1. Could you pull out the residue among 298, 276, 286, 257 that is out of contact with any strand residue (DSSP E or B) (no Cβ under 7 Å at 6 or more places or on another chain), farther than 30 Å from residue 189 by Cα and either modelled with pLDDT of 95 or more or not small (Gly, Ala, Ser) (or both)?
2. Got at least one residue in the range 23-34 being under 24 Å from the mean Cα position of the chain (by Cα), of a type in the set (A, V, I, L, M), away from ligand 2 (no atom under 16 Å from the Cβ) and modelled with pLDDT of 95 or more?
3. From the list 63, 88, exactly one residue is under 26 Å from residue 179 (Cβ atoms), among the small types (Gly, Ala, Ser) and free of Cβ contacts under 8 Å to residues at least 24 places away in the same chain. Which is it?
4. What pairs can you find where one residue is in the range 236-249 and in the same structural domain as residue 27 (by TED's automatic domain parsing), the other is of a type in the set (A, V, I, L, M) and within 13 Å of ligand 1 (Cβ to nearest atom), and their Cβ atoms are less than 8 Å apart, with a gap of 6+ or different chains?
5. Taking strands (runs of 3 or more DSSP E) that do not extend beyond the range 18-114, which have at least 3 residues that are under 21 Å from residue 236 (Cα atoms)?
6. Are there any pairs, at least 6 apart or on different chains, whose C-beta atoms fall under 9 Å, with the first in the range 17-35 and assigned by TED's automatic domain parsing to the domain that holds residue 243 and the second assigned to a loop (DSSP other than H, G, I, E, B) and among the polar types (S, T, N, Q), and if so, which?
7. Taking only pairs six or more apart or across chains, which ones have beta-carbon atoms under 7 Å, a first residue in the range 48-60 that is within 8 Å of ligand 1 (Cβ to nearest atom), and a second residue that is of a type in the set (A, V, I, L, M, F, W, C) and assigned to a loop (DSSP other than H, G, I, E, B)?
Amino acid sequence: MTLKLDINPIKSWLPNIDNPLLISGPCSLESEKQAMDTAKLLAKDKRVFVYRGGVWKPRTRPGSFEGVGSIGLKWLQQIREETGLPIGTEVANAQHTEEALKAGLDVLWIGARSTASPFVVQEIADVVKGTDAVVMIKNPVNPDVQLWLGAVERIHQAGIKNIVAIHRGFTPFRQTKYRNYPNWKTVIEIKRMMPNLPIICDPSHIAGTREYLYEISQKAFDMGMEGLMLESHIDPSCAMSDAGQQLTPADLSRLLDRLVIRYENANNPDFENQLDVLRNRIDAIDSELLEILSSRVDIVKKIGQYKKDNNVTALQINRWTKLMEDRVGLGKKLDLNETFVKIIFQLIHEDSVRMQTEIMDEE
Ligand code: PEP
Ligand code: MN
């Protein structure tokens with residue numbers, strides 16, 4: 001299924017962007033000074049295009065810092081005035097959205113907990129209806145692509161064309177090294193289903209700690225994502241929320257220096273030609289692979305018939321163990337990854353057994 005929604009490219013609402021869309025700023029605005037000091041340093045790095053700051057904070061448990069509230073919108077306005085950076089915050093209900101629109105914010109985003117609730121998304125959609133707001137939609141906390149797509153559709157149905165999806169990872173079911181595990185397959189799936197929906201990555205909420213920000217950011221670019229949202233704070237150790245994952249503006253710049261930014265197209269005819277040559281070879285090899293698999297199936301069927309005629313079982317464990325050892329050994333000599341070879345032969349063997357049992361069950 002491909003949904004050809006009428007969604008604008010980022011450049012149409014942020015014309016001076018010539019790089020990936022980099023959004024940065026504190027998890028939460030805490031004071032006028034913290035917000036402004038962070039912004040002034042960020043603005044020195046011309047790779048930062050939008051300033052973010054949480055004003056209303058959705059906290060998983062009550063009792064933690066829940067944001068400074070509406071006063072933060074004024075601080076954001078001052079930041080835009082002083083630094084020229086477009087400003088954005090998270091909205092989680094109709095009232096937030098009304099206030100944020102009234103304050104002229106350039107970007108609104110729907111947080112992961114809100115995307116998980118179609119009622120909340122609809123409430124926000126009803127308020128932005130008929131405006132030219134830019135709405136970013138984080139993935140829901142649970143790995144449900146349909147909920148994420150549904151939120152995009154609700155906002156789009158309200159007439160909003162400036163939409164960006166943000167991948168911020170999913171709540172893990174068990175302890176993982178990341179706070180929220182990334183699911184790159186889901187990102188590919190969304191790109192396939194909505195080819196013109198820009199997607200950026202939020203490595204801060206995926207990582208949960210500073211040490212993983214680089215690897216996740218680089219992976220996001222390797223996957224062709226169009227930008228990053230990275231939290232930054234003038235003094236992360238004192239942050240009132242998400243202290244472990246925020247960077248100082250200087251560390252953010254250092255991180256950006258290390259990243260290799262990749263583009264879907266190189267705009268270089270030599271590169272394109274070379275890529276075409278290589279892709280043609282891959283296409284040819286893939287069709288050979290399939291032909292070889294199909295000849296293998298012919299033989300498997302013969303074996304199935306032969307076993308049936310002689311009342312022998314489809315599965316013979318000794319043969320299977322030996323086959324696997326042999327193929328893994330062969331794969332090693334050819335420099336193939338052991339797990340890769342194992343998985344492929346498990347699949348091939350499973351399907352062979354399935355075909356043979358089918359033959360045996362035939363009347
Ligand atoms: C945030 O951006 O500060 C935030 C709360 O993110 P998320 O909705 O991804 O948890
Ligand atoms: Mn945060």
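1. Going through 298, 276, 286, 257 in turn, the sole match is 298.
2. So in the range 23-34, the residues under 24 Å from the mean Cα position of the chain (by Cα) come out as 23-28.
The next check asks that each one be of a type in the set (A, V, I, L, M); those that pass are 23.
Checking the rest, the ones that are also away from ligand 2 (no atom under 16 Å from the Cβ) come to none.
The answer is no, given that none of the residues of the range 23-34 is under 24 Å from the mean Cα position of the chain (by Cα), of a type in the set (A, V, I, L, M), away from ligand 2 (no atom under 16 Å from the Cβ) and modelled with pLDDT of 95 or more.
3. After ruling out the rest, the residue left standing is 63.
4. From the range 236-249, the pairs are 236/243; 237/243; 245/207; 246/239; 247/230.
5. Details: elements: 21-25, 50-52, 87-90, 107-110.
Where strands (runs of 3 or more DSSP E) fall fully within the range 18-114 and carry at least 3 residues being under 21 Å from residue 236 (Cα atoms), they are 21-25, 50-52, 87-90.
6. 26/241; 26/246; 27/241; 27/246; 28/241; 30/241
7. Taking only residues 6 or more apart or on different chains, the pairs are 54/27; 54/29; 57/65; 58/92.
Residue-wise test of (1) in a helix (DSSP H, G or I); (2) among the β-branched types (Val, Ile, Thr); (3) farther than 30 Å from residue 215 by Cα.
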site: 276; (1), (2), (3): yes, no, no
site: 282; (1), (2), (3): yes, yes, no
site: 287; (1), (2), (3): yes, no, yes
site: 294; (1), (2), (3): yes, no, yes
site: 305; (1), (2), (3): yes, no, yes
site: 324; (1), (2), (3): yes, no, yes
site: 330; (1), (2), (3): yes, no, yes
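The values are calculated or read from the model by the stated rules, or taken from the named source; none is laboratory data. Predicted model only: the values in this text are computed from it and were never measured. Neighbour counts run over all protein chains shown; Cβ positions are idealised from the backbone, glycine included. Areas reflect the complete protein model, heavy atoms only, side chains present, ligands, DNA and RNA absent. Shrake-Rupley method; radii C 1.70, N 1.55, O 1.52, S 1.80 Å.
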